[in-house]
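Here is the structure we will look at, set down as structure tokens.
Read-outs: derived from the displayed coordinates by stated rules, not from any lab. Treat the numbers as computed from the prediction; the structure is a model and nothing was measured. Here Cβ is always computed from backbone atoms with ideal geometry, including for glycine, and neighbour counts include all displayed protein chains.
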Amino acid sequence: MARSVWKGPFVDSYVLKKAEAARDAGRHDVIKIWSRRSTILPQFVGLTFGVYNGRKHIPVNVTEDMIGQKFGEYSPTRTYYGHAADKKAKRK
Amino acid sequence: MSDDRICVGSIGGSFGVHGEVRIKSYCAEPAAIADYSPLWTKDGQQVSIEITRPVKNGYSATMSGVSSKEQADALKGTDLFAERDQLPALPDDEYYHADLIGLTVLDTGGAVLGRVKSVQNFGAADLLEITAPGLPTPALLPFTLVNVPTVDLASGRIIADPPEGIFPEADAD
């Protein structure tokens, strides 16, 4: 069942504090978080979070299209190496 | 085998009884494997393939020099390689994973940070997985213009300006 709208999105409070501190400081450091369950909020756009996957922190550059998703969706807990083949990477 | 060849697929075995093979494609667009034909095997044999239909986990294809089920079965597990030159040219700031893997990563001061092991994408942005002898676990560096200002394929190196917290020695937490 979906979460009730009146509650608002769930975010661990320490994530909000860390994000606010990083934004105020104007630094571009990786903000290490362990809260995979927190929702990505509009004020996180432009920040880089290091989301823990049980072993290490995966850097996640937050963009507008991620709003409403959970941090854990961008930090898989299982390792998979495919083949490079003709796959491309774009520098943004 | 030439270093300029890239593994684009493998043969999963025979398909049917008329000498067709089952091909597993590793390409970003799976059907594109046929565009790189003729392909090469690891022992330097050239083969041309033609896809006949999509099947579960891949494609069935006819292959030059294979006309029976027994011949197709014997090729099970064979990797298929394409010449690097066959891949189409890319616009600026776009790179093939195969070109990035193995490049040396230097910081802006010229110190060696490591070597690119793989390129990952978990949905947020492309990440360079960098290994170095001193690193306990590989570091993941977002492949952005800010973090990676220079990619020099000719000289085989990347200039990186990693934010604090990417490499373990810079950890403050």
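Numerical summary
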item	result
Region B:132-172, relative contact order in percent, only Cα pairs under 8 angstrom and at least six apart counted	34
Dipole of chain B, positive end: most advanced residue of B:41, B:151, B:91 [Cβ charges, Cα centre]	B:41
Test item: B:112-125 mean partner chain Cβ contacts at 10 Å	4
CD proxy at 222 nm, helix term only [per DSSP H run n ≥ 4: -39500 (n - 2.57); per residue of chain A; nearest 500]	-4500 deg cm²/dmol
Principal axis box of the protein assembly as shown, alpha-carbon based, largest edge first, Å	68, 54, 33
Largest-first ellipsoid semi-axes for region B:5-86, taking √(5λ) over the Cα gyration tensor eigenvalues, angstrom	18, 14, 10
Which listed pairs, of A:32/A:92; B:56/B:117; A:32/B:117; A:32/A:87; A:17/A:70; A:56/B:56, have C-alpha distances above 27 Å, in listed order	B:56/B:117; A:32/A:87; A:56/B:56
Region A:1-70 versus region B:73-133: alpha-carbon centroid distance in Å	28
Cβ-defined net charge surrounding residue B:105, 12 Å radius [Lys, Arg +1; Asp, Glu -1]	-1
Rounded to the nearest 20 debye, dipole of region B:61-173 from Cβ charges on Lys, Arg, Asp, Glu	440
Rounded if a/c under 1.5, otherwise prolate or oblate - region B:97-172, Cα gyration tensor axes	rounded
Charge dipole magnitude, Cβ of K and R +1, D and E -1 - chain A, Cα centre, debye nearest 20	300
Relative contact order of chain B, defined on C-alpha pairs under 8 angstrom at six or more residues apart (%)	17
Partner aspartates and glutamates for residue B:76 [C-alpha distance under 19 Å; skip if fewer than 8 residues away on the same chain]	B:20, B:43, B:50
Lys/Arg +1, Asp/Glu -1 at C-beta; the protein assembly as shown dipole; positive extreme among A:77, B:57, B:6	A:77
Net charge, residue A:26 excluded, C-beta distance under 14 Å - Lys, Arg +1, Asp, Glu -1	-2
Chain B: calculated mean residue ellipticity at 222 nm from DSSP helix runs of at least 4, using -39500 (n - 2.57)	-1000 deg cm²/dmol
Debye, to nearest 20: dipole size of region B:1-140, +1 on Lys, Arg Cβ, -1 on Asp, Glu Cβ	660
Cα-based helix-to-principal-axis angle, A:13-25 vs chain A, degrees rounded to 10	80
